[in-house]
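Novice: What follows is a single structure, and I will ask about it in a moment.
The values are calculated or read from the model by the stated rules, or taken from the named source; none is laboratory data. None of these values were measured; they are calculated from a predicted model. Cβ sites come from the backbone with ideal geometry, for glycine too, and all protein chains shown count toward neighbours.
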Amino acid sequence: MKATVFALTLMWAGALFAQAPAAPEHAAHLEQLATLLDLTETQKLQVQQVLQEEHAKMKAAHEQAKASGTKPDWQQMKAMHQQLAQETLQKLQPVLSESQLKKFQTLQEMHGAMMHGRFGHGAPPSGSTPPSN
């Protein structure tokens, strides 16, 4: 079970944060997401566009922080990811059916759990405050 969750989370992370959508491995991630959510071709294009836009926002925020010479702490990064996840859900609501949206939220939660160390990966660097559950 843990291996399946990890594999799905890795797939989700790749689909959400794809930097070069034309690359074969990123197309494969999108295909996996399309299969998991049972997307139509139209939905697949719409989901891809939303994910690319959200990735561009995250990348721009990272670059802005880097250019300013500041480094966001773990809590700031967590908040930024949560805000982005909420925006993504809002943009996908008119695109996905209710059951597809629920599946997408589950994948998003698994991704967040992995990124925030609940599966033993992505724990905050030393000196950062871990999440209190």
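Novice: Consider GLN90 against the criteria (1) surrounded by 11 or more Cβ atoms within 10 Å (Cβ to Cβ); (2) polar (S, T, N, Q); (3) within 22 Å of GLU109 (Cβ to Cβ): it satisfies all of them except one. Which criterion is unmet?
Specialist: For GLN90, the exception is condition (1).
Novice: Identify the single condition in (1) touching a residue at least 40 places away in the same chain (Cβ under 8 Å); (2) more than 27 Å from ALA28 (Cβ to Cβ); (3) in a loop (DSSP other than H, G, I, E, B) that THR70 does not satisfy, given that it satisfies every other one.
Specialist: Against the list (1) touching a residue at least 40 places away in the same chain (Cβ under 8 Å); (2) more than 27 Å from ALA28 (Cβ to Cβ); (3) in a loop (DSSP other than H, G, I, E, B), THR70 comes up short only on (1).
Novice: Hey, can you tell me all the residues within the stretch 58-101 that are modelled with pLDDT of 90 or more and more than 18 Å from the chain's Cα centre (by Cα)?
Specialist: PRO94, SER97, GLU98, SER99
Novice: Looking at the stretch 86-97, I want the residues that are assigned to a loop (DSSP other than H, G, I, E, B) and have a partner that is of a type outside the set (A, V, I, L, M) and buried (at least 19 other Cβ atoms within 10 Å of the Cβ) with Cβ atoms under 7 Å, at least 6 apart or on another chain. Which pairs are those?
Specialist: As it stands, the answer is LEU96/PHE104, since those pairs meet every condition given.
Novice: Exactly one of these conditions fails for PHE104: (1) part of a helix (DSSP H, G or I); (2) surrounded by fewer than 16 Cβ atoms within 10 Å (Cβ to Cβ). Give me its number.
Specialist: In the conditions (1) part of a helix (DSSP H, G or I); (2) surrounded by fewer than 16 Cβ atoms within 10 Å (Cβ to Cβ), PHE104 misses (2) alone.
Novice: So, one more: Filter the stretch 53-80 down to residues that are buried (at least 16 other Cβ atoms within 10 Å of the Cβ) and not hydrophobic (A, V, I, L, M, F, W, C) and give me whichever is farthest from LEU101 (Cα to Cα).
Specialist: LYS78
Novice: Another one. In the stretch 25-82, which residues are acidic (Asp, Glu) and touching a Leu at 6+ places or on another chain (Cβ under 7 Å)?
Specialist: Within the stretch 25-82, just GLU54 meets the criteria.
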